[in-house]
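Visitor: Below are the structure tokens for one structure; questions will follow.
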Amino acid sequence: MSQPNAKNEVTLDIDALSYGPYGIGRIDGRVLMVPHTAPGDRIVARIVGAKERFSIAEVVRVMSASPARRVAPCAYIRECGGCAWQHLSYATQLAAKQQSVDDALRRIGKLSDYDLQPIIPASQEYHYRRRIRLQVDESREVGFYGPSSHNLVKIDACLIAGEQLNRIMEIARRWVRGMSTDIEHLELVTGDDPNQIVVAASARNGFKSGDESACTSLIGMGSGIQGLIIAGTNWRKVWGEVRIMVRPSGDLNLTVDADVFTQVNPEGNRRILEEILKAGDFQPADRVLELYSGAGNFTLAIARKTEGVVAVEGRRACINNGKLNAQKNGINNIRWMCAPVPKAVSELKRRGEKFSKIVLDPPRAGAKGIEADLAALGAANIFYVSCNPTTLARDLAALDKLGYKLSTVRPIDLFPQTFHVETLAMLEHKN
């Protein structure tokens, strides 16, 4: 490809996608990262920044468009920091996500000889999210942040949000503008019952008592909003019904507070649990440890098949929701531990407790630092659910050194139009 001209512009072929919003091209061996590109594009790009190992560029014009490229349907694609891959065909997105997982495991984890199963596609490309977070700026405008910034982009509707959430977006915007309480952000949340809609807001400071009537009115104006939560440092106020129904499997119903974490893609959530149950082949004699259990999204279904589950979660609200749902579903073989996961695993090791199988679903940062204690618990199998291939690869490499071989990997797409991918990794003890 051409060398940079006086305007720092180059002609560039895009040959791959990164795990992120960029297409990748090369000039004399140096990597150029260019957003809004597709593998197979030939572009004129302007170099706008340089890092130690790569440069950042922007598209000046597309000279020859890749067959993988399509017209992005969202009006906010150039401004919003969300759906960076919607200009790519869905087949291209799926192939790139599968490749991202494989690349991370091989390059970062130095792992091999595992069965990489085909990625499970989402059932819907659009309108799949049952919760979205909207930011609020100093002028009380509501929207999403721009790419790698806190510049707010006002939006009227989101193509990946559930239609029922888009219908209340303007109502939520007007409510924020009428509040004296300083709202930092708000989540619009719906349950698996689409008629359940809750607004969960976070305040920067205290609640202003004069806002009481505005909060009461929000759930009484025929909008379909059934509940409102506002929380700040050491306080939380609710109006109306703030719990939603979540169905992780066809015969399990969980009732959870709308400000407790739930997977954004309900169909994808059910598919993950289905894959865990199939891979785990849980038996009545199994004693299972589940880490980062949340409100029992996987816990209850596993407990019904096994001798019992020890469920570890650091957030008290999640534990409280989990206990109530276990009771509601008649499940009494779960021991709930409310503690940071590293502390809990260390304590379980100190007590000499043993488990036949371990399930963990950590946040994006992964589970670094618990690997040695985890290996001491004697499990024959570990099932690791991850939303970040990079931290997954790091943690699996550590477990490999402690005797756990990666056997099977199953990517699952919960987040169409983005580069994010969920992965279920299955490990077996080498002995």
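Visitor: Kirkwood Rh and Cα-based Rg: tell me the resulting Rg over Rh for region 54-203, rounded to two decimals.
Guide: 1.04
Visitor: About the Cα centre, and with charges only on the beta carbon of Lys, Arg (+1) and Asp, Glu (-1), how big is the dipole of the chain? Nearest 20 debye, please.
Guide: Numbers: 55 positive and 48 negative charges, 120 e Å.
Result for the chain is approximately 580 debye, rounded to the nearest 20.
Visitor: For the chain, with all protein chains present and a 1.4 Å probe, just round the carbon and sulfur fraction of the accessible area to a whole percent.
Guide: Numbers: 9210 of 18780 Å².
Of the solvent-accessible surface of the chain, carbon and sulfur hold 49 percent.
Visitor: Based only on Cα atoms, what mean projected area does the convex hull of region 44-92 have, in nm²? It would help to have the intermediate numbers written out before the result.
Guide: Working: hull surface 18.4 nm².
About 4.6 nm², averaged over all directions.
Visitor: Per DSSP helix of 4 or more residues, -39500 (n - 2.57); summed, then divided by the residues of the chain. What does that give at 222 nm, rounded to the nearest 500?
Guide: Numbers: 10 runs with 101 residues, N = 431.
Computed ellipticity for the chain at 222 nm equals -7000 deg cm²/dmol.
Visitor: For N265, what charge total do you get from the other residues with a beta carbon under 12 Å from its beta carbon, if Lys and Arg give +1 and Asp and Glu give -1?
Guide: Numbers: positive: R129, R130, R131, R270, R271; negative: E125, D192, E267, D413, E422.
In short, 0.
Visitor: Are there trypsin sites (Lys or Arg not before Pro) in region 53-115 that DSSP puts in a loop and that have at most 12 other Cβ atoms within 10 Å, and which ones?
Guide: Here the trypsin sites (Lys or Arg not before Pro) that fit, given the DSSP loop and packing criteria, are R53, R78, K110.
Visitor: Would you kindly give the portion of the calculated P(r) for region 156-222 that falls above 14 Å, as a percent of all Cα pairs?
Guide: Of all Cα-Cα distances in region 156-222, 61 percent exceed 14 Å.
Visitor: Which pairs break 28 Å Cα to Cα here: K110/K368; K328/K430; K305/K328; K328/K405? Could you put the intermediate results ahead of the total?
Guide: On the way: K110/K368 17 Å; K328/K430 39 Å; K305/K328 17 Å; K328/K405 38 Å.
Over 28 Å apart, Cα to Cα: K328/K430; K328/K405.
Visitor: So for region 383-428, averaging the separation of alpha carbon pairs under 8 Å that are six or more residues apart and normalising by length, what relative contact order in percent results?
Guide: Values: 66 pairs, mean separation 22.9, N = 46.
Relative contact order, region 383-428: 50 percent.
Visitor: If you don't mind, there's one more thing I want to ask. Just want the answer: with Cβ charges of +1 for Lys and Arg and -1 for Asp and Glu, which residue in S217, A301, C158 is farthest toward the dipole's positive end in the chain?
Guide: Projecting each Cα onto the dipole axis, the largest value belongs to A301.
Visitor: Which listed residue (G178, G227, V256) has the Cα farthest towards the positive end of the charge dipole for region 145-290, taking +1 on Lys and Arg C-beta and -1 on Asp and Glu C-beta about the Cα centre?
Guide: So the residue furthest toward the plus end is G178.
Visitor: Additional query: Once each part is reduced to its C-alpha centroid, what is the distance from region 188-250 to region 295-362 in angstrom?
Guide: Answer, in whole Å: 28.
Visitor: Rounded to the nearest whole Å², what accessible area per residue is found for region 323-431 with the 1.4 Å probe? Write out the running numbers ahead of the final one.
Guide: Numbers: 4300 Å² over 109 residues.
Per-residue value: 39 Å².
Visitor: Let me ask something additional. Summing +1 for each Lys or Arg and -1 for each Asp or Glu, what net charge is found among the other residues whose Cβ lies under 11 Å from the Cβ of A65? Walk me through the intermediate numbers first.
Guide: On the way: positive: R42, R61, R69, R70; negative: D41.
After counting each charged neighbour, the total is +3.
Visitor: Give me the number: length gained by fully extending R204 to H127, i.e. 0.36 nm times residue separation minus the C-alpha to C-alpha distance, one decimal in nm. The partial results should precede the final answer.
Guide: Numbers: separation 77, 0.36 × 77 = 27.72 nm, distance 2.98 nm.
Result for the pair: 24.7 nm of gain on full extension.
Visitor: Working with all protein chains in place, sort F298, F415 by solvent-accessible area computed with a 1.4 Å probe, largest first.
Guide: Details: F298 5, F415 30 Å².
Most to least solvent-accessible, the answer reads F415, F298.
Visitor: Let me ask you something else. At q = 0.07, 0.12 Å⁻¹, what is the log10 ratio I(q)/I(0) for the chain, with the Debye formula run over Cα points and no solvent?
Guide: Debye curve over Cα of the chain, log10 I(q)/I(0) at q = 0.07, 0.12 Å⁻¹: -0.39, -1.10.
Visitor: With the cut-off at 17 Å, report for region 1-102 the share of all Cα pairs above it, as a whole percent.
Guide: Working: 2550 of 5151 pairs.
Of all Cα-Cα distances in region 1-102, 50 percent exceed 17 Å.
Visitor: Under 8 Å for C-alpha pairs, at least 6 residues apart: give me the relative contact order for the chain, rounded to a whole percent. Let's see the in-between values first.
Guide: Values: 950 pairs, mean separation 57.2, N = 431.
Answer for the chain is 13 percent.
Visitor: Right, next: How would V385, V71 line up by accessible area, probe 1.4 Å, largest first?
Guide: On the way: V385 0, V71 130 Å².
So, going from the largest accessible area down, we get V71, V385.
Visitor: More than 22 angstrom separation, counting every C-alpha pair in region 311-431; what % is that?
Guide: Details: 2962 of 7260 pairs.
Cα-Cα pairs in region 311-431 separated by more than 22 Å: 41 percent.
Visitor: Quick one: which residues, 5 or more positions from T37 or on another chain, have an amide H under 5 Å from its amide H? H modelled 1.01 Å from N in the peptide plane, none for Pro or chain starts.
Guide: HN-HN under 5 Å from T37: G23.
Visitor: Residues with amide H under 5 Å of V60's amide H, sequence separation 5 or more or different chain, H placed in the peptide plane at 1.01 Å from N; which?
Guide: V44, A45, R46
Visitor: I've got another one for you. In region 390-431, what is the volume of the convex hull around the alpha carbon atoms, normalised per residue and reported in Å³?
Guide: It comes to 49 Å³ per residue, whole-number rounded.
Visitor: What's the local net charge at R177, with K and R +1, D and E -1, over the other residues with C-beta under 13 Å away?
Guide: Details: positive: R140, K154, R173, R174; negative: D137, E138, E141, E170, D182, D211.
Net charge in that neighbourhood comes out at -2.
Visitor: Explain nothing, just compute: Karplus ³J(HN,Hα) = 6.51 cos²θ - 1.76 cosθ + 1.60, θ = phi - 60°, for every residue of region 53-59 in order, whole Hz, x for Gly and Pro.
Guide: Result, ordered by residue: 10, 7, 10, 9, 9, 10, 6 Hz.
Visitor: Mind checking the dipole of region 132-257: about its Cα centre, +1 per Lys or Arg Cβ, -1 per Asp or Glu Cβ, Debye to the nearest 20?
Guide: On the way: 13 positive and 16 negative charges, 47 e Å.
Its charge dipole is roughly 220 debye.
Visitor: Which GluC sites (Glu not before Pro) does region 22-98 hold that lie in a coil by DSSP with at most 11 other beta carbons within 10 Å?
Guide: Working: sites: E52, E58, E79; in loops: E52, E79.
For GluC sites (Glu not before Pro) across region 22-98 that sit outside H, G, I, E and B with at most 11 neighbouring Cβ atoms in 10 Å, the list reads E52.
Visitor: Treating the beta-carbon of each Lys and Arg as +1 and of each Asp and Glu as -1, no other charges, what is the dipole magnitude of region 18-81 about its Cα centre, to the nearest 20 debye? Please report the intermediate quantities before stating the final value.
Guide: Values: 10 positive and 5 negative charges, 23 e Å.
Dipole about the Cα centre, nearest 20: 100 debye.
Visitor: Got the relative contact order for region 226-291 handy, in percent, Cα pairs under 8 Å and 6 or more residues apart? Provide the component values of the computation, followed by the final result.
Guide: On the way: 56 pairs, mean separation 13.2, N = 66.
Taking the mean separation of contacting Cα pairs over the length of region 226-291, I get 20 percent.
Visitor: ³J(HN,Hα) across region 417-428 via Karplus (A = 6.51, B = -1.76, C = 1.60, θ = phi - 60°), whole Hz, x for Gly/Pro?
Guide: Couplings: 6, 10, 7, 6, 8, 8, 9, 9, 10, 10, 10, 10 Hz.
The values are calculated or read from the model by the stated rules, or taken from the named source; none is laboratory data. Since the model is a prediction, treat every value here as computed from it, not as a measurement. Don't worry about glycine lacking a Cβ; one is built from the backbone with ideal geometry, like all the others, and counts go over all protein chains shown. Please note that ligands, DNA and RNA were not included when accessible areas were found on the heavy atoms of the full protein model with its side chains. Shrake-Rupley method; radii C 1.70, N 1.55, O 1.52, S 1.80 Å.
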